[in-house]
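*Asks:* Supplied in structure tokens, the structure appears directly below.
What follows draws every value from the coordinates through simple rules; no lab data is involved. Bear in mind the structure is a predicted one, so any value in this text is a computation, not a measurement. Cβ sites come from the backbone with ideal geometry, for glycine too, and all protein chains shown count toward neighbours.
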Amino acid sequence: SLSNPQVSNQEKSNILEKKLTTLGWYDQLHFADPEGKIIASTFKQAIYQDISKEIWYPQIKQNFIHVTDVMVSRFLGKEVLIFSNTVQDEQNNVLGYVIAEFSLDVLTDLLKSTPQNFEAYLISKKGKIIAQKGPPLQENPSISSKGFYQSKDTFLQQQVFSQGYFSFTGNEWQVVVQILKETAYEPIRNFTFLLFVFALLIGLLVVILGHF
């Protein structure tokens, strides 16, 4: 395992390769030592690269589980979310960090898999739409963290804010789900269920990383 000091860096890269194949949701997986040097990775060019100067690195050292806002991957050159999970030994000494680069395309695919009549939007704490299913939302700049809306005369709309899950303290994201009123009442139970599913979305992603 990644926490076993007897396992070579090459073997650790092989472990990450198998995890990447099994999970399927991530673009790349890396394992960095406590000083921020990547010692194992599914992306060969990343090995031995120093990530300690990355803007998000101090946060992964402070939080057992951390999820960044949307950013451009240093290695892939495209927008991703970065998930990190601290690896410890039995005495709780930090051995390193598992870092996963998560494709925004997956989030879009998840939204598209929801019932056809719903419009859904995942929005970052900076007000950026990370993934969407539906036409662009109208934004009120004065309340950008809460104020994405369309005409409530036409739509039923609900917002769900990230409150954290286990060791993940939340990242101020929100999910906005809306549906035409004339459709919503046929039947309303599906609407309620969908909101519940999206409220758990970020938590479920974090739980997957917890299995390392």
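*Asks:* Of the residues Lys78, Lys44, Lys18, Lys37, only one is surrounded by fewer than 19 Cβ atoms within 10 Å (Cβ to Cβ) and under 28 Å from Glu172 (Cα atoms); which? First the steps, then the outcome.
*Replies:* On the way: Lys44 fails: under 28 Å from Glu172 (Cα atoms); Lys18 fails: under 28 Å from Glu172 (Cα atoms); Lys37 fails: under 28 Å from Glu172 (Cα atoms).
Going through Lys78, Lys44, Lys18, Lys37 in turn, just one is surrounded by fewer than 19 Cβ atoms within 10 Å (Cβ to Cβ) and under 28 Å from Glu172 (Cα atoms): Lys78.
*Asks:* Which one of these does Ala40 not meet: (1) in contact with a Ser or Thr (Cβ under 7 Å, 6 or more places away or on another chain); (2) farther than 23 Å from Pro5 by Cβ?
*Replies:* The single condition Ala40 does not satisfy is (2).
*Asks:* Counting residues that are touching a Lys or Arg at 6+ places or on another chain (Cβ under 9 Å) and touching a residue at least 40 places away in the same chain (Cβ under 8 Å), which strands (runs of 3 or more DSSP E) fully inside region 9-109 reach at least 3? First the steps, then the outcome.
*Replies:* Details: elements: 26-32, 38-41, 65-67, 79-88, 94-103.
Once the strands (runs of 3 or more DSSP E) in region 9-109 are filtered for at least 3 residues that are touching a Lys or Arg at 6+ places or on another chain (Cβ under 9 Å) and touching a residue at least 40 places away in the same chain (Cβ under 8 Å), what remains is 26-32, 94-103.
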